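First up is the structure itself, then whatever we jot down about it.
The values are calculated or read from the model by the stated rules, or taken from the named source; none is laboratory data. Source: prediction; values computed, not measured. Cβ placement follows ideal geometry from the backbone for every residue including glycine, while neighbour counts extend to all protein chains displayed.
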């Protein structure tokens, strides 16, 4: 037996302090929801941003934490790019978006539009925890976490470091490829003990605002198939609508600008269902 085999392991006090701070900050937030996608280009940030706005519009104090570090787009979609962050004794004050939504994104910290984020894994993991420990989120009903595509460092850090995440919403499109990669994301979430809450299928069909007609231009639906295969909730179809791009570019949340559109109604319906799901989970203990 070696001389060092009976020595107690040394725990870094900085790690203990960080975990305690994360627990303290997250303890003030009732529900934590992550929005994931297996691949890029499915409109995940659009869904995350508008879900957060929808929750805020329903009277729930909500925050949006954008950890898509290499492509932070939530501030643009919410019309709050250029807001300056400032520090207080309680931490960095997040930006204030539509209806009072609190937002934290790396976009606020980049010096200009052309600045790339060239980070390796450990830096990204540290940044995720700092978005929790160094930001004054205060008391929230919901924190929506906009994840980057795939199953990389940011997602692993959220799963391992953030306590009591209520679950994940998976964004897909009507595609066989998306069906495959979203399935991997669901399995990934389960391995990290993140409960899969449901699936939202974006770009389900093209909705023509002039005629009201629907056209399935991207193929047959896959969101329901994914939900059925993995035994989780199907939260609805969000159609392609040319006004979505217009709203994103002008920085006006689609759910607020076009509340009577099919896409906005389905997003609001999805938000209400998410509220029911997490409240039921809370009752179940």
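Some values worked out for this structure:
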quantity	calculated
Scope the stretch 118-141; condition surrounded by fewer than 19 Cβ atoms within 10 Å (Cβ to Cβ), at pLDDT 90 or above and either at positive phi or assigned to a loop (DSSP other than H, G, I, E, B) (or both); matching residues	134, 136, 138, 139
In the stretch 162-179, the residues that are in contact with a helix residue (DSSP H, G or I) (Cβ under 8 Å, 6 or more places away or on another chain) and crowded, with 17+ Cβ neighbours inside 10 Å	162, 165, 166, 167, 168, 169, 170, 171, 172, 174, 179
Segments classed as helices (runs of 4 or more DSSP H), wholly inside the stretch 193-285, with at least 1 members that are closer than 27 Å to residue 180 by Cβ and more than 22 Å from the chain's Cα centre (by Cα)	223-230
Selection count, the stretch 222-243, where residues are within 18 Å of residue 43 (Cα to Cα), touching a residue at least 40 places away in the same chain (Cβ under 8 Å) and either surrounded by fewer than 19 Cβ atoms within 10 Å (Cβ to Cβ) or touching a helix residue (DSSP H, G or I) at 6+ places or on another chain (Cβ under 6 Å) (or both)	4
Filtered residue count, the stretch 51-79, keeping only those that are farther than 19 Å from residue 130 by Cα and in a helix (DSSP H, G or I)	10
Among (1) closer than 18 Å to residue 278 by Cα; (2) at pLDDT 95 or above - the single one residue 190 does not satisfy	(2)
Residues located in the stretch 92-113, provided they are closer than 22 Å to residue 147 by Cβ and in a strand (DSSP E or B)	92, 95, 102, 103, 104, 105
Residues satisfying the stated conditions in the stretch 96-117, i.e. under 17 Å from residue 60 (Cα atoms), surrounded by 13 or more Cβ atoms within 10 Å (Cβ to Cβ) and touching a helix residue (DSSP H, G or I) at 6+ places or on another chain (Cβ under 7 Å)	97, 98, 99, 101, 103
Residue match in the stretch 192-203 (condition: in contact with a strand residue (DSSP E or B) (Cβ under 7 Å, 6 or more places away or on another chain), closer than 25 Å to residue 25 by Cα and surrounded by fewer than 21 Cβ atoms within 10 Å (Cβ to Cβ))	yes
Every pair of residues 6+ apart whose Cβ atoms lie under 6 Å, when the first sits in the stretch 24-50 and is part of a helix (DSSP H, G or I) while the second is modelled with pLDDT under 95 and surrounded by fewer than 19 Cβ atoms within 10 Å (Cβ to Cβ)	26/163
Matching entry among 167, 87, 91 (being in contact with a strand residue (DSSP E or B) (Cβ under 8 Å, 6 or more places away or on another chain) and without any contact (Cβ under 8 Å) to a residue 12 or more places away in the chain)	87
